[in-house]
Amino acid sequence: MIKINGRFSLTFLYTVVAFAMAIPALHAQSVKHQHYDIAAYVWPAYQPEARFKDIGVFKDGKGEWEAIYNAKPKFPGHNQPHVPLWGYTNEADPKVMEKKIDAAVSHGVNVFIYDWYWYDGKPFLENGISKGFLGARNSNKMKFYLMWANHDHNSYLDYTATDKSKIYWRGGVDRATFDTMIAHVIKDFFSKPNYYKINGEPVFSIYELSTFIKGLGGIKEAKEALDYFTQKTKEAGFPGLHLQGVLWGAIPAGLSATPGDTTQTQNNTVLDLGIKSLTNYQWCHYVPMDRYDRWGDKAIEGWFKFSKDFTVPFFPHVSISWDPNPRYPGKKVQGMVTNANPVDFKRFLIEAKKYLDGHPNQPRLITINAWNEWAEGSYLEPDKQHGYAYLDAVKEVFGKK
């Protein structure tokens, strides 16, 4: 007890006890109202891209929608075709994107991560961002950043092709190409006020670290290129560059900075390259296909392994499903996830939120596959089967931003 003017103050004691008892509730309230960035990947192939003609695909002029509305079920109960509630829209049209931005933001999705391509010295599918998203009158409602999808582009994109091994464009680039590419990125994207930043640094994600390293000629050359990227970003007025790596389970064998490819050397590779965070693009990259509930539980176990193996922050990722069969219309069933549903998806979002709350020293960013991966069966956009149920799940966990 405390003596005030020679007397014990029970009022003071009760005040102290009440405040102490309130601390857990205050902490819970602060966590509940904490801001989370919910970032959905965007696959910008649902547009009349001129370069589709160069490779002879999607002759209907609607981009990969052609594979979606031509898809057929391969077995009883197979959920094909997926039918978009909003129709087969052109995502390079600003008016189309205005509706999609409003739907995303009103349900808690406040960042789009655009799959972004650079082949043969020029961009591919870029009108989805530059004309559609950035041309929308309400684009300032949400942030965006780029994931450089630097994989080889092969004939998987041609749903009519029986041979999927044909390479249209190589994803690896040399140093001169890289320098030209990043000059465009800094000038035309980083400069936008709604480009997503962490600690003031524009975030730029790299899909295949292995392809990037091989294209440049090795770890040393890759590091020099990324150091130059950071330097040019600073010269443009930013405090630095936040490089994000997409993790497929491990840094590929033979590409670590030191021999052995152990967990430690993989972490050293990430650090040597200046990668500041890691996330995933799709759970199928590190978890074999399964029933959705089991698939997700195994994927979530991976979050804690990644956060233990690497010293840079890992941002949890949630996938909605995986079914690439629209790209393979033959009789053979491609590997797929079964029983995907909004209820389990919501459960996995709750786990992602718990993960971030348990890692309070890193930004609260969650990535989702995807906003519109219709050809892979993984999308937040409403369809005629589930309506808005997947978007509603995001809203129920994270609320309107």
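Computed from the coordinates by the stated procedures, all read-outs in this text should not be read as laboratory data. This is a predicted model, so every value here is computed, not measured. Positions of Cβ are generated from backbone atoms using ideal geometry, with glycine treated the same way; all protein chains shown enter the neighbour counts.
Helix 219-235 axis versus longest C-alpha principal axis of the chain: approximately 70°, rounded to the nearest ten. As a rough footprinting exposure proxy, the listed residues HIS78, HIS107 were ranked by other beta carbons within 10 Å of their own, and the order from fewest upward is HIS78, HIS107.
Given a Förster distance of 45 angstrom, what is the FRET efficiency for LYS332 paired with GLN231, based on the Cβ-Cβ distance and rounded to 0.05? Efficiency, rounded to the nearest 0.05: 0.35.
Note on LYS164: lysines with a C-alpha under 26 Å away, same-chain residues under 8 apart excluded, are LYS53, LYS59, LYS62, LYS72, LYS74, LYS122, LYS214, LYS331, LYS332. Please report the antiparallel percentage of DSSP beta bridges with both residues in the chain, rounded to the nearest 5. If I count the DSSP bridges inside the chain, around 30 percent turn out antiparallel. Expressed as an acute angle from 0 to 90° and rounded to the nearest 10, what is the orientation of the C-alpha long axis of helix 263-273 relative to the principal long axis of the chain? Around 80 degrees separate the two axes. Taking the helices alone, the chain has a mean residue ellipticity at 222 nm of -10500 deg cm²/dmol, built from -39,500 (n - 2.57) per DSSP H run of at least 4 residues and averaged over all its residues. Across the chain, the mean sequence separation of Cα contacts (distance under 8 Å, 6 or more residues apart), normalised by length, yields a relative contact order of 18 percent.
Cα to Cα, under 17 Å, and not fewer than 8 places away if on the same chain: which aspartates and glutamates meet these conditions relative to LYS232? Of all the aspartates and glutamates, those that pass the test against LYS232 - Cα under 17 Å, at least 8 places apart if same chain - are ASP179, ASP188, GLU201, GLU221, GLU224. Considering only LEU365, THR177, ALA299, the residue lying farthest towards the positive end of the dipole of the chain is LEU365, judged by Cα position with unit charges set on Cβ. The local environment of GLU126, defined by Cβ-Cβ distances under 15 Å, has a net charge of -2 under the rule Lys, Arg +1 and Asp, Glu -1.
Which of LYS100/LYS131; LYS187/LYS276; LYS99/LYS131; LYS95/LYS187 have a Cα-Cα distance over 18 Å?
Checking Cα-Cα distances, LYS187/LYS276; LYS95/LYS187 exceed 18 Å.
By the count of neighbouring beta-carbon atoms within 10 Å, fewest first, ILE38, ILE320 end up ordered ILE38, ILE320. Ordered by the number of other Cβ atoms lying within 10 Å of each residue's own Cβ, fewest first, GLU221, GLU201, GLU64 fall into the sequence GLU221, GLU201, GLU64.
The long axis of helix 342-357 is offset from the longest Cα principal axis of the chain by roughly 50 degrees.
Select from GLN47, GLY135, ASN154 the residue farthest towards the positive end of the dipole of the chain; place +1 on Cβ of Lys and Arg, -1 on Cβ of Asp and Glu, and compute about the Cα centre. Farthest towards the positive end: GLY135.
The structure shown yields P(r) over Cα pairs in 10 Å bins from 0, in percent, and of the options (1) 5, 21, 27, 21, 13, 8, 4, 1, 0; (2) 4, 21, 31, 25, 10, 4, 3, 1, 0, 0; (3) 5, 22, 31, 23, 13, 5, 2, 0 that calculated value carries the label (2). With contacts taken as Cα pairs under 8 Å and at least 6 residues apart, the range 120-252 reaches a relative contact order of 26 percent. The lysines within cross-link reach of LYS298, meaning a Cα-to-Cα straight distance under 19 Å and a gap of 8 or more places when in the same chain, are LYS308, LYS346, LYS353, LYS354.
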